1. Step by step: first the residues of the stretch A:150-183, then only those that are β-branched (Val, Ile, Thr) and free of Cβ contacts under 8 Å to residues at least 24 places away in the same chain, then the one that is farthest from the other protein chains (Cβ to nearest Cβ). Which residue is that?
2. Output the residues belonging to the stretch B:111-147 that are within 14 Å of chain A (Cβ to nearest Cβ), assigned to a helix (DSSP H, G or I) and among the charged types (D, E, K, R).
3. Kindly evaluate A:VAL186 against the criterion of being surrounded by fewer than 20 Cβ atoms within 10 Å (Cβ to Cβ), farther than 30 Å from B:ALA304 by Cα and within 14 Å of another protein chain (Cβ to nearest Cβ).
4. I'd like the full set of residues that are within 14 Å of B:THR217 (Cα to Cα), under 25 Å from the mean Cα position of the chain (by Cα) and among the aliphatic types (A, V, I, L, M), limited to the stretch B:140-171.
5. Can you confirm whether the stretch A:252-267 contains a residue that is modelled with pLDDT of 90 or more, surrounded by fewer than 21 Cβ atoms within 10 Å (Cβ to Cβ), within 8 Å of chain B (Cβ to nearest Cβ) and assigned to a helix (DSSP H, G or I)?
6. For B:VAL272, are the conditions met, namely being within 24 Å of B:THR109 (Cβ to Cβ), out of contact with any Cys (no Cβ under 9 Å at 6 or more places or on another chain), modelled with pLDDT under 85 and within 14 Å of chain A (Cβ to nearest Cβ)?
Amino acid sequence: MKNLRFLLFHFKKNPLSVIGLVIIVIFAIIAALAPVIAPTPEGQFNPYMIPRDGYGSTPQPPSDTHIFGTTQGQYDIFYGVIWGTRTAFQVGLVVIGAVLVIGIILGSLAGYFGGIIDEIIMRITDIFLAFPPLILAMAVTIALGASIESIIIAITVVSWPSYARVIRGDILAIREEDYIEASRGVGASHLRIILKHILPNSIYPIFIMASLDIGSVVLTAAALSFLGLGVPEGYADWGQMINFARNWIVGTPTNTFAYWHAITIPGLFIFFFVMGWNLLGDSLRDILDPRLARR
Amino acid sequence: MEFRSYLIRRLFLLIPVLLGVSILIFGLLQLFPPYQRAMLYVTDPRQLSNIDEIIELYGLNAPVWQQYFTWLGQVFQGNLGWSKVVGMSVTDAIFNFLPATLELAIFSTPIIILGGIWLGTKAAAHKDGLIDHTTRAGAIVGWSLPTFWFGLVLLMIFYGYFRGLFPPERLSTAMSVLVNSASFTRYTHLNFIDGILNWEWRVVFDSLRHLVLPVITLSVVNIAFIMRLMRSSMLESLGRGYVLTARAKGLPEKQVINKHARRNAMIPVLTVSGYIFAAIVNGVVITESIFNYKGLGWWAWRTAIQLDVSSILGFALFSGVLFVLTNLVVDLLYAKFDPRVRLGGGVK
């Protein structure tokens, strides 16, 4: 509790983190109200597919029917970015949730039992960490086929090892505390010690730090779908919308910025979303960093 | 522990990791159907018409462990399969595309590392001053920029608006004709170096002009990362006793910062150089795909979207092994120069 109050105190002192929080809350509202802000057209089965207005390739400028204009293939940009916010939260939350579950299970097994179990789990993380993450994620995505689930699995596969390592380190430090020794002395089972004594004392900083990584997870996911891997064509996803716009960076002979909207608008959504998390994280990380804490 | 025994221990530990890397790649391969896996054993385009024969020959319907050893044997012979996207063997393709990527890395890496260290030092030295706040804001913006979007916006301005000032690809058409002509000797396949060696300044100029935007795109995000790291490590170092001593004996502030504080603060930057390497490889794929800059990253991207299994897995294996070796070299250098690392009896 003391920690939490300390956190809140520093948090309120830092205007940047408040701005970050405001940005994230706005995005959360957009995601929650997506069906109201950008209603799915009648008769469309899957709301995550962006409605098209014809099949022409040239992006159209903003107009009354398409307030952000359309991108290549006449996909409506407004609908795409609004529902893309939902996709972003989905990918971010599911990946971080999955990574935490895997990281906590493997990290606490390794840290608590040590010895051969620790050695095996840590060597496995070494292997996964031996690849540049994007390359491994690309290989996993194409192996699983085009869908939003493939992207989620691919990013989970490349991110769990670093969490497992951090959690293991924290548990190693706590394992030697007197109160753990005491509960072992009164005959508590391993499972009980891990669940009731070790995890509650180590988990909360990890939990906060992990949730702040949602920004970078979404950035990686957007990079994958920008490269044309992962989501099926027309799925509401910011990265893919930038991919649609990439052939239109050079405008018409009379207007060099004729298609600016197609590239700029989805980019700004990604940028602000990621920046919201980074602003929030920038101060929280300083506060949570044990080497800098309480100075 | 002696350096030599540390070295031997580290080399020994390399074996299980590399073995694991190969198993992971092979495991991914198993997710593909046999006719796609067969591409990994092809050495000659004429074999492409006889995929069934290859499936038979290399036992691609045999038990998995048998296939693994067949595959590993092929890898040790340097055969990573056939890259159907570029119509050459995967090994040839790697060597063919490597120079372009090297050229990009040669320009970006010093900018990223030196720029990040310099900005981080400046920010820490003027903590809470104007420079600190500006660079800090810049770092947050830079760190949040989607690389792929930033590169496209640069292209929109410097290629679209300024009418081809900084174009995509590696060379203009005229220059690539010149480079491939008989009178031009390709010593290194790095265009700007070959240009200098051939005394062809037009080639040097043209290749540099094509490098400007990719180098900026690749550098911005990573500079932000190093700058933040350097700033916090520099702040920690400035609070230490040896800095106080240096100041107390009346050394000029510049010398205190540049010699006493900065040298110690650079250690964390050295420890993450493995991470920086990975970040550059990641960035290379995205950057090269934006600028149609035909290097390793571009090739990896093209092969990934066309489901060219042998190429993408070959590239993953190549970059994985390179990454493991880079980390090894970093750790060894670290142990060589900082004896404390070895005293602990190895690495964590």
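1. Within the stretch A:150-183, the match that is farthest from the other protein chains (Cβ to nearest Cβ) is A:ILE180.
2. Hits for the stretch B:111-147 are B:ASP132, B:ARG136.
3. no
4. B:VAL141, B:LEU145, B:LEU152, B:VAL153, B:LEU154, B:LEU155
5. There is at least one residue in the stretch A:252-267 that is modelled with pLDDT of 90 or more, surrounded by fewer than 21 Cβ atoms within 10 Å (Cβ to Cβ), within 8 Å of chain B (Cβ to nearest Cβ) and assigned to a helix (DSSP H, G or I).
6. yes
Residue-by-condition table, conditions (1) of a type in the set (Ser, Thr, Tyr); (2) surrounded by 14 or more Cβ atoms within 10 Å (Cβ to Cβ):
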{"position": "B:LEU145", "(1), (2)": "no, yes"}
{"position": "B:GLY151", "(1), (2)": "no, yes"}
{"position": "B:LEU154", "(1), (2)": "no, yes"}
{"position": "B:PHE158", "(1), (2)": "no, yes"}
{"position": "B:GLY164", "(1), (2)": "no, no"}
{"position": "B:PRO167", "(1), (2)": "no, yes"}
{"position": "B:VAL179", "(1), (2)": "no, yes"}
{"position": "B:ALA182", "(1), (2)": "no, no"}
{"position": "B:TYR187", "(1), (2)": "yes, no"}
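Yes or no, residue by residue, for (1) within 14 Å of chain A (Cβ to nearest Cβ); (2) closer than 26 Å to B:SER144 by Cβ; (3) among the charged types (D, E, K, R):
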{"position": "B:PHE205", "(1), (2), (3)": "no, no, no"}
{"position": "B:HIS210", "(1), (2), (3)": "no, no, no"}
{"position": "B:VAL221", "(1), (2), (3)": "yes, yes, no"}
{"position": "B:GLU253", "(1), (2), (3)": "no, no, yes"}
{"position": "B:ASN264", "(1), (2), (3)": "no, no, no"}
{"position": "B:ASN292", "(1), (2), (3)": "yes, yes, no"}
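The values are calculated or read from the model by the stated rules, or taken from the named source; none is laboratory data. Just so you know, these numbers come straight off a predicted model, no measurement behind them. Backbone-built Cβ (ideal geometry, glycine too); neighbour counts: all protein chains shown.
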